[in-house]
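Step one of this worksheet: look at the structure below.
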Amino acid sequence: MKIDLTEIARTIGMHAEEEINEPCPADLEFECSSNVVGRIRLDNAGSLLILNGAIKTDVKLQCSRCLVDFTMPIETAVEEQFRLERPADAVLVLPMDEEDSGGPLVKNNILDVDELIRQNLLLVVPIQPLCTPECAGLCPTCGENLNMRQCSCPPAEIESPFKALADLLEEDKDT
């Protein structure tokens, strides 16, 4: 979805609202199980174009502990600001950072809503998603999903980092 920002950029004080109902961007590391829906509002504040809104969707993820596939609802606020410059008779919508040469969000006063969605979803999807906060994960010996049933493997012995010192104390007691 593309939104032409030329008219709102020309009129100080103008605002516009846009409904979003788009498929999930294809170049993400995860997949959405529903369309991305939401609403954005654009406000011309003179020298700034302010974008505010919210989007939500359901994403398909894999639990980082037990490797089970699950669906997680995602909802996030969307906030962006763009500089407005008025050379001659035109109005240009530009990124806030001087180093950013137009950025992927706005080119030739056209807002790329798909890129806006992609960037905001990448920020809120957890790096290590969990199916539940209480996820027990997999048995390190047999690989059994400990959320489904307890396995018969003996508990793994955890070596203390101070074991070598304890051994030295034992040797000292023997002498």
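The values are calculated or read from the model by the stated rules, or taken from the named source; none is laboratory data. Owing to the predicted nature of the structure, the values given are computational and were not obtained by experimental measurement. Positions of Cβ are backbone-derived with ideal geometry, glycine not excepted, and every protein chain shown enters the neighbour counts.
Assorted remarks:
- Residues in the stretch 141-175 that are loosely packed, with under 10 Cβ neighbours inside 10 Å and either in contact with a Cys (Cβ under 7 Å, 6 or more places away or on another chain) or within 13 Å of Leu67 (Cβ to Cβ) (or both): Cys142 only.
- For the stretch 132-175, filtering for residues that are of a type in the set (A, V, I, L, M, F, W, C) and over 32 Å from the mean Cα position of the chain (by Cα) leaves 11.
- Candidates Thr71, Thr57 - the one that is of a type in the set (Ser, Thr, Tyr), under 30 Å from Gly143 (Cβ atoms) and either out of contact with any Gly (no Cβ under 8 Å at 6 or more places or on another chain) or surrounded by 13 or more Cβ atoms within 10 Å (Cβ to Cβ) (or both): Thr71
- Residue check, Glu22 in contact with a helix residue (DSSP H, G or I) (Cβ under 8 Å, 6 or more places away or on another chain), acidic (Asp, Glu) and under 30 Å from Thr132 (Cβ atoms): yes
- Meets criteria (in contact (Cβ under 8 Å) with a residue 12 or more places away in the chain, polar (S, T, N, Q) and more than 30 Å from Pro133 (Cα to Cα)) for Thr76: no
- For the stretch 1-19, taking the residues that are out of contact with any helix residue (DSSP H, G or I) (no Cβ under 9 Å at 6 or more places or on another chain), of a type in the set (D, E, K, R) and in contact (Cβ under 8 Å) with a residue 40 or more places away in the chain, the one that is surrounded by the most Cβ atoms within 10 Å (Cβ to Cβ) is identified as Arg10.
- Unmet criterion (only one of (1) exposed (fewer than 10 other Cβ atoms within 10 Å of the Cβ); (2) of a type in the set (A, V, I, L, M, F, W, C); (3) closer than 30 Å to Leu28 by Cα) for Leu122: (1)
- Enumerated strands (runs of 3 or more DSSP E) restricted to the stretch 56-175, each holding at least 1 residues that are at pLDDT 85 or above: 69-85, 110-112
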